[in-house]
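Just below is one structure, and these are the notes that go with it.
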Amino acid sequence: MNRVAITGIGIYSSIGKNLEEVKSSLYNGKSGIIFDPERKKFGYQSGLTGKVENPELRGILDHRSRSCMPQQAEFAYMSTSEALMTAGLTREYLDLTDAGIIFGNDGSALPVIEALDTIRETKDTMMVSSGSVFQSMNSTVSLNLSVIFRLKGINFTVSAACASGAHAIGLAYSMIRHGYQKTIICGGTQEVNLYCVANFDALGAFSRLESSPAEASRPFDRKRDGLVPSGGAATVILEDLDYAIKRGAPILAEVVGYGFSSDGTHVSVPDTNGQIRAVTMALNEAGLDPGKIDYINAHATSTPLGDQAEAMTLNRIFGKYRPAVSSTKSMTGHELSMCGASEVVYSVIMLNNSFIAPNINFEEPDEFSSPLNIITQTTPAEFDVCLSNSFGFGGTNSCLIIKKVH
């Protein structure tokens, strides 16, 4: 089996538009969550959201390219451009190789709604822009980026709820590990427009702490009252390690384990048995005992049931070892189909800059989180191995183990 290196990362999120901004936010425990009055006016129960600005791509991409890209594809273009630069992958290099793309994306609400509004108003489908169909497809990100970057390898989208980005990285890792590809661009993205989570808001799962947006996302804390939706995009460049070394690529980390499972029990209530199977699979594939995990970037979204289930899982597997645990969602909010990829990027940033970002807003544990070693202040740490968990609706579970390469 081939070893799989991370040679590039890129990020466009609520806590920063690039790696430097994001590193600073992670280190300083800075929240990217705001109150959006437009959501309340529209009819949301909660007006809280991660703030992600639309990038300005005029002058960077031609009109035809821009017309086919919805918001989340624009986010992904930004993160992918940075990741390619970080990895030292030029346009000339991509032209000469069979680099592929696997991206996580779980929906495209805005272009569908805009098109239907136009048709209802005009009674004429011809009034819908020619780019609308490409914007509305679930595969819109891999579709657009494969053309923009002229990619010639694998090309598809993973749709797996809040584990989409993590499964995209895991599948890319598996393809490279088995020798099917040398280089794959992978990641996850999530739109943040007015319409994208309206039906999610209807479930009553969002925090109502609108008076203090920065304190609203409270993973593992007893006073948590729901998640805060967010988004953006994160990109990870995976390469065959030997191949990457030969081309002189920067080796930021190595993916050493990917575990997955399905709960098979409930569409929205997580099951610890499914989570345990995924974590155990990742550990077994990496050939690591639980005591070798130095840091866990928890999925913990700030929902009572979700955090409880994950805390039980972590206690079952890592209880006697007590590795450092934090949920970066305390700062970013829940980035939905992006989070499995962004949290790998956040973990690689920490790994390469020798610190563990805090789980902000964690003030009082409950009976499930109290045994965990939850990091509440930025902690300087030289560590080698981290686990990133992603668990989604429908009981889809994805766990990735990332290791520093010495």
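The values are calculated or read from the model by the stated rules, or taken from the named source; none is laboratory data. The structure presented is a predicted model; accordingly, all values stated were derived computationally and were not measured. Note that we place each Cβ from the backbone using ideal geometry, even for glycine, and neighbour counts take in every protein chain shown.
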Practice problem: Scan the stretch 79-98 for residues that are touching a Phe, Trp or Tyr at 6+ places or on another chain (Cβ under 8 Å) and crowded, with 24+ Cβ neighbours inside 10 Å and jot them down. | Solution: Ser79, Thr80
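Condition first: over 19 Å from the mean Cα position of the chain (by Cα) and hydroxyl-bearing (Ser, Thr, Tyr). Can you find one or more residues in the stretch 105-112 that meet it?
The first filter runs over the stretch 105-112 and keeps only residues over 19 Å from the mean Cα position of the chain (by Cα), leaving 110-112.
After this cut, where a residue has to be hydroxyl-bearing (Ser, Thr, Tyr) as well, the list is none.
Scanning the stretch 105-112 turns up no residue that is over 19 Å from the mean Cα position of the chain (by Cα) and hydroxyl-bearing (Ser, Thr, Tyr).
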Practice problem: For Ile349, indicate whether it is surrounded by fewer than 24 Cβ atoms within 10 Å (Cβ to Cβ) and under 18 Å from the mean Cα position of the chain (by Cα). | Solution: yes
Practice problem: Quickly run through the stretch 339-370 and pick out the residues that are among the β-branched types (Val, Ile, Thr), out of contact with any Leu (no Cβ under 7 Å at 6 or more places or on another chain) and closer than 19 Å to Ala168 by Cα. | Solution: Val345
Self-check item: So Tyr321, is it among the aromatic types (Phe, Trp, Tyr), under 22 Å from Ile184 (Cβ atoms) and either surrounded by fewer than 23 Cβ atoms within 10 Å (Cβ to Cβ) or modelled with pLDDT of 95 or more (or both)
Solution: no
Practice problem: May I ask you to list pairs of residues, at least six apart or on different chains, whose Cβ atoms are under 6 Å apart, with the first in the stretch 103-122 being without any contact (Cβ under 8 Å) to a residue 60 or more places away in the chain and the second being in a helix (DSSP H, G or I) and of a type in the set (Val, Ile, Thr)? | Solution: Ile119/Thr125
Exercise. Within the stretch 361-383, work out how many residues are closer than 20 Å to Lys23 by Cβ and out of contact with any Asp or Glu (no Cβ under 6 Å at 6 or more places or on another chain).
Key: 8
Quiz item: Among the numbered criteria (1) part of a strand (DSSP E or B); (2) surrounded by fewer than 21 Cβ atoms within 10 Å (Cβ to Cβ), which single criterion is violated by Gly257?
Solution: (2)
Quiz item: Which condition does Thr313 not pass, out of (1) within 30 Å of Gly88 (Cβ to Cβ); (2) buried (at least 24 other Cβ atoms within 10 Å of the Cβ), if it passes all the others?
Solution: (1)
Practice problem: Determine whether Asp95 is charged (D, E, K, R) and either without any contact (Cβ under 8 Å) to a residue 40 or more places away in the chain or assigned to a helix (DSSP H, G or I) (or both). | Solution: yes
Practice problem: Go through the residues of the stretch 57-68 one by one and say whether even a single one is surrounded by fewer than 21 Cβ atoms within 10 Å (Cβ to Cβ), hydroxyl-bearing (Ser, Thr, Tyr), without any contact (Cβ under 8 Å) to a residue 12 or more places away in the chain and on the phi < 0 side of the Ramachandran plot. | Solution: no
Quiz item: Could you say which residue among Ile293, Ile276, Ile237 is farther than 30 Å from Lys182 by Cβ, at pLDDT 95 or above, surrounded by 16 or more Cβ atoms within 10 Å (Cβ to Cβ) and among the β-branched types (Val, Ile, Thr)?
Solution: Ile276
Quiz prompt | Residue match in the stretch 108-119 (condition: part of a loop (DSSP other than H, G, I, E, B) and under 30 Å from Ala298 (Cβ atoms)) | solution = yes
Quiz prompt | Index of the failed condition, Ile296 passing every other in (1) outside the structural domain of Asp98 (by TED's automatic domain parsing); (2) not in a strand (DSSP E or B) | solution = (2)
Quiz item: Restricted to the stretch 49-68, and to residues that are part of a strand (DSSP E or B) and over 19 Å from the mean Cα position of the chain (by Cα), which residue is nearest to Ser207 (Cα to Cα)?
Solution: Arg58
Quiz item: Has the stretch 325-338 got at least one residue that is in contact with a Ser or Thr (Cβ under 7 Å, 6 or more places away or on another chain), under 19 Å from Leu171 (Cα atoms), in the same structural domain as Pro290 (by TED's automatic domain parsing) and assigned to a helix (DSSP H, G or I)?
Solution: yes
